[in-house]
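Inspection log for the structure reproduced underneath, given as structure tokens.
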Amino acid sequence: MTAVSPEQAMADLKLNGATTSPKQNGATGPHVTSGDLENGNSDDDEADDGEEGQVGADEGAAKKKKKRKPRKKKKAGAAAGAVKGQTSPPTVKVSDLFPNNTYPVGQEVEYKGENAYRTTSEEKRHLDRMNSDFLSDYRQAAEVHRQVRAHAHKAIKPGMTLTEICEMIENGTRNLTGHMGLEEGDNIIAGVAFPTGVNLDHCAAHYSPNAGNKMVLKEEHVMKVDFGVHVNGRIVDSAWTVAFQPQYDNLLAAVKDATNTGVDLAGIDARFSEIGEGIQEAMESYEVELNGQTYPVKSIRNLNGHTIGQYSIHGGSAGKSVPIVKGGSNEKMEEGEVYAIETFGSTGKGVVRDDMETSHYAKVDNAPKAALRVNSAKTLLRSIDKNFGTLPFCRRYLDRLGHEKYLLGLNNLVQAGIVQAYPPVVDIKGSYTAQLEHTILLRTNCKEVISRGDDY
């Protein structure tokens, strides 16, 4: 999910750990012969001429003997309840695919320069091992994200409505985490971290269809797909861009190069100004030819990457922003922080503004207490606290929980400063925008690109 700057108010690498499900152990059935051994008795004292009769008798007995059908061998992994692998669409909980809670590791990158010692420091390794629960939650969420988006890559086609795309991704996330979010407090344990963004063309971020939306994905569209998964509030935020026509290839290549540059530059003690400058240089080395006209790809200067806190997509009040243009602050990244490194490229002005109908909302962390005079606002706030906490939500999620006629109450919560609205942000009409995003963990002894997959 995107952080908007105060002005407006990641080479594909494979995972170090295998992303396929582990082999299931199953006992193979005992080997069974097709017939019993024949009992042929021979006596050395018998006369030779008696042997022919015995042979004939044996042959006759063999003909009368009924042939036994061989038993079918049990297949490996056929034990009752064994999980063979993920379904399509994905419905099997990731925790069932990895029953020992050892999930695939993201891309681990050693620190360089002054922090190179961290890789071999026994003290740092010990501190890292102490974060086993933190890493397990993050890796589980990341594996859910990889498996859901792997299906989305295959399933998303022109002609689908944006609502169908969102529900496919969100239901996949709920199924794979095992938390459908319909029982009170269930979504706070694990599940959808924020509304799925399906942002078309000049719309860069924060667009998710509300009830009744019938917008359809077309072949000529460029769609940014941004969704999050969380386990115990550990949020994996990752996004990619879908385009069906080759004329947009350079636009997609620009954000891929820029994001990977940002991921490479990020690390403990890395300065935001240097990261932003590197991202912009990579991004703006590309141009796109559309309908015979050439457009430079520009970094959208008032959109940023951001820190991620537990249950806080933008890191809360102490959150930091990662610029995607030069001129940022000299503030440094620190050990233990989690970042969403995301870049946006545009064929337009490279600046976005609020526009269109709002769908994204989130309760403000440490929100001020306010006297709510609208009864529906009080009821809605209790539901938000119990079902989302400070995790972002959208109007479709409120509909799903059975809320009706809540818009007056929702607007009252926004006006009171208890809930923040995140309207869609757009560049100029006729332009095209693209996005790529990864979540990284600045561990004590290495940097882990937790959302890295075979796709991007």
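Using each residue's phi in the stretch 110-126, evaluate 6.51 cos²θ - 1.76 cosθ + 1.60 at θ = phi - 60° and report the 3J(HN,Hα) Karplus result to the nearest Hz, with x for Gly and Pro.
6, 6, 10, x, 5, 9, 4, 4, 4, 5, 9, 5, 5, 4, 5, 5, 5
Taking amide H positions as placed 1.01 Å from N in the peptide plane, with prolines and chain starts having none, which residues 5 or more places from GLY309, or on another chain, fall under 5 Å of its amide H?
HIS314, GLY315, GLY316
With a 10 Å radius around each residue's Cβ, average the other Cβ atoms per peptide and rank 338-351, 148-161, 188-201, highest first. Kindly include the intermediate steps, with their values, before the conclusion.
Numbers: 338-351: 26.6, 148-161: 16.1, 188-201: 24.1.
Ranking the peptides 338-351, 148-161, 188-201 by packing returns 338-351, 188-201, 148-161.
Return the tail of the calculated pair distribution for the stretch 129-237, meaning the percent of Cα-Cα pairs more than 20 Å apart. The partial results should precede the final answer.
Details: 2450 of 5886 pairs.
More than 20 Å apart: 42 percent of the Cα pairs in the stretch 129-237.
Quick check on my link table: of LYS224/LYS363; LYS224/LYS298; LYS224/LYS386, which ones sit more than 20 Å apart, alpha carbon to alpha carbon? Please report the intermediate quantities before stating the final value.
Details: LYS224/LYS363 25 Å; LYS224/LYS298 16 Å; LYS224/LYS386 30 Å.
Correct reply: LYS224/LYS363; LYS224/LYS386.
What number comes out for accessible area per residue over the stretch 84-197 if the probe is 1.4 Å? Units Å², please.
Numbers: 5340 Å² over 114 residues.
Value for the stretch 84-197: 47 Å² per residue.
Amide H of VAL419 versus every other amide H placed in the peptide plane: which residues, excluding those fewer than 5 positions away on the same chain, fall under 5 Å?
Those lying under 5 Å, H to H, from VAL419 are VAL364, VAL414.
Each label point is 7 Å from the Cα along the Cα-to-Cβ direction; what then is the distance between the points at ASN101 and LYS154, in nm?
Calculated label separation equals 3.1 nm.
Rank by packing, highest mean first: peptides 245-255, 124-134, with packing defined as the count of other Cβ atoms within 10 Å averaged across residues. Working shown, then result.
Values: 245-255: 18.5, 124-134: 13.9.
Packing order, densest peptide first, comes out as 245-255, 124-134.
Once you treat every alpha carbon in the stretch 405-456 as an equal point and sum by Debye, what is log10 I(q)/I(0) at q = 0.19 Å⁻¹?
At q = 0.19 Å⁻¹ the computed log10 ratios are -0.81.
Leaving ligands, DNA and RNA out of it, report the carbon-plus-sulfur percent of the accessible area of the stretch 199-276 at a 1.4 Å probe. Provide the component values of the computation, followed by the final result.
Details: 1100 of 2410 Å².
Reported share for carbon and sulfur atoms: 46 percent.
Once both labels are modelled 7 Å past Cα along the beta-carbon direction, what's the ASP454-SER121 spacing in nm?
With each label point 7 Å from Cα toward Cβ, the separation is 3.7 nm.
Could you give the distance between the Cα centres of the stretch 252-301 and the stretch 405-435, to the whole Å?
26
If you count, for each residue, the other Cβ atoms within 10 Å and average over each peptide, how do 374-382, 443-451 line up from highest to lowest?
Ranking, from highest mean packing down: 443-451, 374-382.
Considering only protein heavy atoms and a 1.4 Å probe, what is the carbon-and-sulfur percentage of the accessible area of the stretch 344-454? All intermediate terms of the calculation are to be shown ahead of the outcome.
Values: 2170 of 4550 Å².
Here it works out to 48 percent.
Pop out the ³J(HN,Hα) list for the stretch 274-288 in order, Karplus 6.51 cos²θ - 1.76 cosθ + 1.60 with θ = phi - 60°, rounded to Hz; leave Gly and Pro as x.
The phi angles translate into 6, 5, x, 5, x, 5, 5, 4, 5, 4, 8, 8, 10, 9, 10 Hz.
Which pairs break 28 Å Cα to Cα here: LYS369/LYS405; LYS218/LYS320; LYS93/LYS214; LYS112/LYS154; LYS154/LYS332?
LYS218/LYS320; LYS93/LYS214; LYS112/LYS154; LYS154/LYS332
The values are calculated or read from the model by the stated rules, or taken from the named source; none is laboratory data. Model, not experiment: these values are computed from the prediction. So basically every Cβ, Gly included, is an ideal-geometry build from the backbone, and we count neighbours across all protein chains shown. For the accessible areas, the whole protein counts, side chains as well, though only heavy atoms, and no ligand, DNA or RNA atoms are used. Shrake-Rupley method; radii C 1.70, N 1.55, O 1.52, S 1.80 Å.
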